[in-house]
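Down below is the structure, laid out as structure tokens.
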Amino acid sequence: MGVTVTQQYIVGEFSALISTLDPGPGGWLARAVHALRSRVESAPPGALPALAAEAATLADMICWAMLEQGDTAAFARHAAAGALLYEFAVSANLLP
């Protein structure tokens, strides 16, 4: 059975929102964002809730990293991106 348009939309939007978490070139956080996007784009629908939880955790880690670097502008940008990602995941019933 094929993937429905709604599932395609959820995966596409979820992937796009994850891309907004990218902390910049290089580093393990950037690699983690890229790897998570790839996993989301190829995951079966049943795996998306666990990946949404992982994305929320990754967003939190990136925010802490930006604070540790003293980059308050990047922190604010990533906190906003993480909030959008979380709101989408809740709306899509990927997170409670």
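Structure values in brief
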item	result
Whole-Å semi-axes of segment 46-96's equivalent ellipsoid (Cα gyration tensor)	24, 11, 5
Cα extents of the chain along the three principal axes, largest first (Å)	49, 25, 17
Size of charge dipole - the chain - debye, nearest 20, with Cβ of Lys, Arg +1 and Asp, Glu -1, no other charges	180 debye
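The numbers here are math on the coordinates, done by the rules we state, and not lab data. Just so it is clear, the model here is predicted, and its values are computed rather than measured. Cβ atoms come from the backbone with ideal geometry, glycine included; neighbour counts cover every protein chain shown.
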